[in-house]
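Written out below as structure tokens is the structure these notes cover.
The values are calculated or read from the model by the stated rules, or taken from the named source; none is laboratory data. Just so you know, these numbers come straight off a predicted model, no measurement behind them. Cβ atoms come from the backbone with ideal geometry, glycine included; neighbour counts cover every protein chain shown. What goes into the accessible areas is simple: the full protein's heavy atoms, side chains included, and nothing from ligands, DNA or RNA. Shrake-Rupley method; radii C 1.70, N 1.55, O 1.52, S 1.80 Å.
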Amino acid sequence: MEYNLSENVKPWIPGLCCYTPGQTIEGYTKLASNENNYGPSPKVKEAIRKAAGSVNVYPYRDPELREKIAGYCKCRPGNVITGNGSDESIDLIYKTFKGPVHSVNPTYTEYRIFAEALGERYSYTNLDEGFTFPVEKFIKESKNARILVLCSPNNPTGGVLSEENIRAVLEEGKTTVLDEAYVEFHKRSFTPLVSEYPNLLVLRTFSKAFAIAGLRVGYIVADPEAIKLLDRVKPPFSVNTLALEAAMAALDDQGYMRETVEKIKKDRKRLYNELNKKFKAYKSGSNYILADVAPMRSNDVYEKLLEKKIIVRNLGRFHGFSGEYLRVSVGTTEENERFIDVLKDL
Ligand SMILES: Cc1ncc(COP(=O)(O)O)c(C=O)c1O
């Protein structure tokens, strides 16, 4: 049998660039993937233990999770679809709606990777100096796109979008994705705009504030007609039994999540001030802080921190921008203090 791999693969696949996850090394302080290092509520762990006995049957409590999410987001269950993390939600939207896709730079790299994996065109508008959102330029440069992707708070800059700018983009009447993965660390969510704008799809996740990134649960809040279409494309069991139970338990104990979020928000200020003494730090509405370490090389700073068993995210350079960037997640208070001690000696 002869099989020619390159003749059978879709022609654009070999040229795709892969997503590089934050490094995880046992015994190291990981401040690289914007996780909630306090971990989930004890009730979530208990729910996972309990559910272990029923993993022989296919997951069946997705409708209940959608109901609980609707309660949390103050919408109807028909406005909600769950997925295997926001990553699946992005993929699902790109499979369901017509491209091309337009977003900003810098932002979460998966917006590009998922689009290109589907053979979809992807373009972007550079954020302004200081990483603010240039709404008019964005609207002008996205004329040929049919899917617009916004992220607030934006990863990796931590910048947040105003309601005015979100509305201005929505008024273009294009499929508009608003990724709110980190919204619990900021203020209010824009999910209520879904009842006004049938073109709005809000992405949310249990990976960040709710601290169950390893279980992979995300969801989309959107107009019920859009949800029905997304449901035609979604694999039926992409959220597994343990993940469903954990997410429901997390929603039943929101007080725990809020307590950890408050600690993270408090420490964010301290981390920002300390980073800003040494480098140029950017104000963040999220659980991470972007720092420009130039004239030092971000890789050198990254390696020095690694020697001290601290892992941050080395982002290097952004296309179209000067500077050398690192992103530091806000960990537990103890982890942040360890980081600050090492930072002072850099
Ligand atoms: C902006 C943004 N959206 C989505 C995700 C992925 O979320 P999930 O774990 O739900 O796939 C991340 C992960 O870092 C992110 O930064």
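Here are some notes:
- Where labels lie 7 Å past Cα in the beta-carbon direction, separation of LYS266 and LEU346 in nm: 2.5
- Ranked order, ASP341, ASP128 - accessible area, probe 1.4 Å, largest first: ASP341, ASP128
- Segment ASN144-ASN4, length gained on full extension (0.36 nm per residue, minus Cα span): 46.8 nm
- Of all DSSP beta bridges in the stretch 42-253, antiparallel share, percent nearest 5: 35
- Here the 3J(HN,Hα) profile of the stretch 205-210, calculated from phi with Karplus coefficients 6.51, -1.76 and 1.60 at θ = phi - 60°, is 8, 9, 6, 9, 4, 7 Hz, Gly and Pro shown as x.
- Accessible surface of the chain, 1.4 Å probe, proportion on carbon and sulfur as whole %: 50
- Peptide packing for 9-15, 325-331 was compared via the average number of neighbouring C-beta atoms within 10 Å per residue; ordered from the highest value, the list is 325-331, 9-15.
- Highest-first arrangement of 280-289, 150-159, where packing means the average Cβ count within 10 Å: 150-159, 280-289
- Computed over protein heavy atoms with a 1.4 Å probe, the accessible surface of the chain works out to 49 Å² per residue.
- On a per residue basis, the convex hull of the C-alpha atoms belonging to the stretch 174-284 measures out at 138 Å³.
- The residues packed around GLY320, meaning those with a beta-carbon under 15 Å from its beta-carbon, carry a net charge of -2 if Lys and Arg are +1 and Asp and Glu are -1.
- Using alpha carbons only: equivalent-ellipsoid semi-axes of the chain, gyration tensor based, whole Å: 30, 26, 22
- Net length gained if the chain between ILE13 and ARG167 were fully extended (0.36 nm per residue, minus Cα distance): 51.9 nm
- Antiparallel DSSP beta bridges within the stretch 158-277, percent to nearest 5: 55
- Cα Rg, Dmax, the stretch 179-228, angstrom units: 11.6, 34
- Straight-distance crosslink candidates among lysines, where the alpha carbon sits under 19 Å from LYS304 and sequence neighbours closer than 8 are dropped: LYS30, LYS277, LYS278, LYS280, LYS344
- Only protein heavy atoms count here; under a 1.4 Å probe, TYR19 has an accessible surface of about 80 Å².
- Residue-span extension gain [ALA117 to GLU46] - 0.36 nm each, minus C-alpha spacing: 21.8 nm
- Proportion of all alpha-carbon pairs of the stretch 104-212 beyond 21 Å (%): 33
- Each label was represented as a point 7 Å from its Cα along the Cα-to-Cβ direction; for SER195 and ASP128 these points are 3.3 nm apart.
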